[in-house]
Each structure stands twice: as structure tokens, then as C-alpha cells.
1. If you keep only loop residues by DSSP, which GluC sites (Glu not before Pro) in the range B:43-135 have at most 11 other Cβ atoms within 10 Å of their Cβ?
2. Can you pull the mean other chain C-beta count within 10 Å for peptide B:51-61?
3. Could you give the nm distance between label points at B:Q197 and B:A105, where each point is 7 Å from its Cα heading toward the beta carbon?
4. Using a 4.7 Å cut-off between beta carbons, which cysteines in chain A end up with no partner cysteine at all?
5. Note down, for the range B:133-239, the three equivalent ellipsoid semi-axes (square root of 5 times each alpha carbon gyration tensor eigenvalue), biggest first, whole angstrom.
6. What spacing in nm lies between the two simple spin-label points modelled at A:D189 and A:E53, each 7 Å away from Cα in the Cβ direction?
7. Enter the angle in degrees (range 0 to 90, nearest 10) between the Cα long axis of helix A:426-440 and the first principal axis of the Cα atoms of chain A, meaning the one along which they spread out most.
8. Peptides A:142-154, A:419-431: what's the order by average Cβ count within 10 Å, highest mean first?
Amino acid sequence: MSAAVANHPVLDPTLALPFPQAALPVLRNPQLRKNVAHAIDVIQAKRAKLVAEKTDWQELRSAASAIRMHAIENLGAYLEEFEAKCTAAGGVVHWAADAAEARRIILEILREENASDVIKIKTMTSAEIQLNPFLQAAGVNVFETDLAEIILQLGEQEPSHIVVPALHINRSQVREIFARRMGLKDLSDDPQVLTAAARTYLRQKFLTVPTAISGANFFIAETGGVGVVESEGNGRMCLTLPRTMITLAGIEKVLPRFQDLEVILQLLARSATGERMNPYNSIWTGVTPGDGPQRFHMVLLDNGRSSILTKPKQRQTLKCIRCAACMNSCPVYRQTGGHAYGSVYPGPIGAILTPQLMQMHHAQSLPFASSLCGACYEVCPVKINIPEVLLELRAQVVNQERRDLARFFDPMYLGLRIASLLFAWAWLFHTSQFMGRIGIRLFTRKDGWIHSLPSVGGKWTQTRDLRGFPKQTFHGWWAARSRQSSPVSSKEAK
Amino acid sequence: MRASLFITCYNDTLFPETGRAVVGLLERLGVSVDFHPKQTCCGQMHANTGFRGEAFSQAKRLVRLYQDTETVVVPSSSCVAMMRDQYPGLIDELGNDSLRKDFAAFLPRVYELSEFLIDRLGVEDVGAWFPHRVTYHASCHGIRGLHLGDRPYRLLAKVRSLQLAPLPNVDRCCGFGGTFSVKNAEVSSAMLAVKLQDVVSTGAEFCTALDNSCLMHLGGAMHRQYAGMKTIHMAQILASTEATPAEGVL
């Protein structure tokens, strides 16, 4: 068994290691890094090609940004409109303030249905509320039906990406998981063979399990409709065969009007999987006699979202349509993959969403898990200025931490406080440059370079040298040059 | 034309040769260069690390310092991006009306070096000579922050004897990211390793950029790994002529 398969990262932000430590096992794992880089390079190339063919891409982004911002800024009204329309169409709407309440509601529905088994369409929101382990513990067998989710469930692994959750696993690893868990000894790693094995496994579930759980890519206030887009058709099966459907969705996923899909679907498919259109686009509105599930429950989850809504600079986070273009473009994610983020939401969007969902009590290392390169903002189809939110959250973390006396002598805090003092007065800054130049000589080798530094500096020199400080600063050179040239120019002036 | 040089705190301390090159280059092009002796830092390090109050103080200090200056030239895209992207928010939130007014007047007068040469002076051929194979690292703040576009390439194309080697994955971050490079040193180093492969694959002798911060990161690894390459700020290439070749190149 490979290291990646044996590895069980914690995707609970309350328990996860800080990002720098959590990233280490991945950085040391060549197979994992290769899998991640290869997968996102493929998606990125497909996306780039399809974005390039849209001459109105920037206009589409602006429109989508406006639609999503309008939706979340009028969230209360649109949620009530959705509730009324969905209820009128025969659905039952439930409101869950937090993860525990959502889990309880879903279990109660399953108990009413006498469901011992449940099939699931891919939903990252259910992973956010850690639904599967909860249901298993309550005696309900959960069967994932999305191919990637099956791989993860059978391989006992955690998702590392929100669109392609098993992106860190390559096909020979998939073969190993399927062979072991499905008892298929002679399985090859041909994608068609692997898919066929999953298909056989799934058919049984689709035909025998009458209760299903889904997420939602969006739900529509105007019509009370709920939508899922997917590539495999397993979602369509879950929306056709079962008797009962339970949908779990974050409250921010609302769209005001049906027509908004014109904009959102064009952007979502291209941004997420590099396709012009998702192969399966399903929208259902309450229940329809004789067609699909005859009982429909919609669980609307808050779980920290309304607190994000109250913060003007941060609320743009809720515009997210979960396309994952930000993580696919992120140079940090490309190296670390998703597990290092300790949350079901990794990458740049996870770095801003997770700590906010945790009301800034956990995941405080995540806003710092970015070089602020801006690639995420550039690709975001709904124009979330992720670097701006990262900076806002960094400021909040620093404001929390600097009240902590234990941090007073933390080298980073001490250094930044001193630097701030120095930058306030040029003479003090210049004096410190002079002192620093003398001090740094202790660490400067004969070749003029610094190979090793103590404390925070050691974090730099563990992989990089630093050129020794030059003898003369620029301002020193300028002053000397002015002294030399000014008598001459004054003579010339005479 | 007059221009005041904002050298930036780290160039002043660690890369004075870049400042000397900017002065040499601009004076050669007939620009009268000033240098405000009280300048220190733009506040980027504090802002990016979450020290908003401190960053605001430095922003305020800088705007006041250059209140009466016609044109400010900065040989660092990340510091200019700080002024354009972060000053508005800081000053809006923490400043008063008088500062907001001064800032509004200040911002259009700030130019990154390649912007100043192409947009303000209208030159592409600055009369430079640099007989080496060079690759250009388009830093994140250069491409996505300032949208410098083809400006740096147009300038490099006119440098005599310079052979430009295109850099693969040119829009990908080198992993520096300011305090990110020490707060997330291992991830930063992994990003650096990948970037360095691309840089070395060009077969160039020099990697240039408009940001010494990225170059300090890349150059530090090149030196550690005996990669056989050096880094050089683009100002030094543009200042280089047959009569006065770039400092420390040979």
C-alpha cells in the first residue's frame, strides 16, 4: 500500500495541524505531488482553451459577480421566496443553524423513512458537516455514487479537491483500491475497466436503495428549483430511481432567477472541468407525481455563513460557486494538494472560507498559506478578490494574536514591531541599517554570502543563501554623490 | 523632466546597485533625478503580514513625503502594487479627508520603472548593451498587480546583444511572497524548486525581473545550488552600455 493510501489526514479544522506542518508529508511525497500537479495541469489547460474562445468572458464574470453579490446581499428575502416556492411544489424545507442541527434533521428524516441504507450524490457540504461518519455511527450505511467519492470511500481517504475529490490518487492506486475492496483480483488499470467495475458496483445500489442525499450547485428563489451539475450521470440516477431525496445546501447557494443560470452555467462548466457544458444538468422542483422521488426534503445550512454576511469586506466569499478554478491555478495548492488545508474546502477559497466558517477560532494559519500571487482572483468566475480577503483575515489573526502576551517575544512579532518603529524615522532606519551591516558580518562567509542564520532567518537559509549586505546603502551613495557634485555645479552656476 | 526615486527599503539596504542603475539610466535619458532622503518603506511587509495599523502609518508617511513631487519612480512592482491595491483600502478606512485628497493626487504620479520608461518617457530603446542570454521572470505583481503586459519585453528587445530566452510557466509564482517565505518556508521552497527548474531550463546566464524580492529568492537558491546562473534587476541591464557595463556581472 502506498503512503498516500495509508495516510489519513484530518479534515476537521478544529483538530487539523497548522498549514506549514500539515503540508510537510505531502511535500516529501513524490507520488502525491506528481498526481496533483499532473491533474491540475490537465484541467487548467482545458479551462484556458475554453475561456479563450469566449470573447465575452470578462463581461460574463462581471455579470456573475453582480448576480451572486445581489443574491447574498438580499439573502433573507430570496431564501424565504425559495422556501415558499419549494413548499408549494411539494418539498419540505428545513433550516439548520449549524452542522449538528443539519445532521440531526437528516437522521430524523432517514428514521422516518426507515432507511438503513442511503445513496449519495457528491456533496462537499455533507463533508463540511461530517455527515457520513455520523450516519454510519447511527447505523445507516452510506454509499457514495460519484466515481471519485467511491474511490475515496472504498480507499478510506479524504477529499483533496472540491470538484475532483480524488485528484491526488492516480489510476494504478484506484486499481489497487477497487481490486482490494471489490474483490476483483485481475482488475487492470485501464480507465474503461475501472469505470466498468464502478458501474457494476453502483447498479446494485441504484436499484435497491430507495433513499438518496444530494448537495446543490444552486437553488432558485423564483421557481423553488434545485440544481446539480455533473459529469457521470450518477446524480441523474439518484434523482430518478429513489423514493426520497434529501438535499443539503449552504444558504448562500441561492440564485434569484432561473435566467441567472444562463450566466452561471457557462462560467461554472468552463471554470470547473474545462467543458463548454456539464454533461448532466438536473433541476427539480419539489416533487412531480410519477417522475422521480416522491418525497423531497431541502436542508438549508447556515453553519457560520450568516456571520460572514455581516462583514462587508468578507462577504464576497459567499459569492463562490465552488468551481475550484482558484485551487487549480494556485501555486501553493499545486505543491501541497488539498489535505494540508485541514478542511474539506482547500486551496485559496478554503484559505478564506474555512477560518470564516470557524468564526476565526480555528484554521488561523490558513490566511497565511498564500504567496498573494493573485492567480486565484484572476481566474475566479465570480470575481472574489481572494487576496483582499486573505489580507483582511490576516489582520484579524494578528489582532487576536498580538493581545497574547506569550507572543510578545515571538521573533516575527518582535521583528515587525521594531521594523515599524524604524520605518517611522529615516535616521533610525539608517542607524539600524548600519548596525545590521555590522551584525550580519558575523554570519557572512568569505564568499560574501550568508549561508546560515539563526531564528526566523534560519527559515530563509534552510534552502536559500542570502547575499551579504553591501558596504554602502543606496541613500549613502546618493549623499556622497551629492556632496561631490554640488560644489562643482555651484561653480558652474557662477 | 524630473523624477523622484523611491528606492524601497530593501533595495536601499540590500540592492543599492539597482538604485545606482536607475539613476544612471534615467540621467542618460535626460531625466533629472531627485531622491528624498527621508524615505523608508511603503508598508508592504506589514500590510501583507496583517499589521494594518503599522502599514497605514507607513502609507500615510509616504503620501505626505511625496505630496509635492511631480513624478515618483519605483524600481519594484510589488511596492507600486502595494500603493495601488492596498493604500486605497488602508487610507479609506484609517485616514482622514485631507489624507484621502493627498492620496488621490499622489497615486497617478507613481510609476513603476518600465511604466515610466514606456508610458511617461515614451522610449523603448534606452541605448543599452548587455551581451548575455537572459530570461525574464514576470513577477506576480508585475503581471497581475500592475498589468505590465509586454512593456518589459519591449524594453529588453531593444537591448543590443541581449539574447532573450522565454521562461516556461512565466505567470507562475516563484514562492517568495514576503513573510510567506519564512512563515511557510517549506512550501515556499517547494514552489521555488519548481520555478528554478523552469528558469534553469532556459539555459540563460541571467534571470532578470522588475522585483529584487523575487530575485533575492531565486538568486539565493541559485547560489546555494551552484546553479551556474545569476540574477540581475532589469534596471541594471537597461543601464548597461559598452562604456559602462553592469556592475558585478563579470
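The numbers here are math on the coordinates, done by the rules we state, and not lab data. Note that the structure is a prediction, hence the values are computed from the model and not measured. Glycine gets a Cβ as well: all are built from the backbone with ideal geometry, and neighbour counts include every protein chain shown.
1. Passing both the DSSP loop test and the Cβ count: B:E70.
2. Details: counts 10, 7, 4, 8, 4, 0, 3, 4, 0, 0, 4.
Mean shielding by partner chains, rounded to a whole number: 4.
3. Output for this residue pair reads 5.3 nm.
4. Unpaired cysteines in chain A: A:C86, A:C238, A:C320, A:C323, A:C330, A:C380.
5. Numbers: eigenvalues 94, 50, 26 Å².
Its equivalent ellipsoid spans semi-axes of 22, 16, 11 Å.
6. 3.1
7. With both axes taken from Cα atoms, the answer is about 90 degrees.
8. On the way: A:142-154: 21.3, A:419-431: 16.9.
Taking the mean over residues of other Cβ atoms within 10 Å, the ranking is A:142-154, A:419-431.
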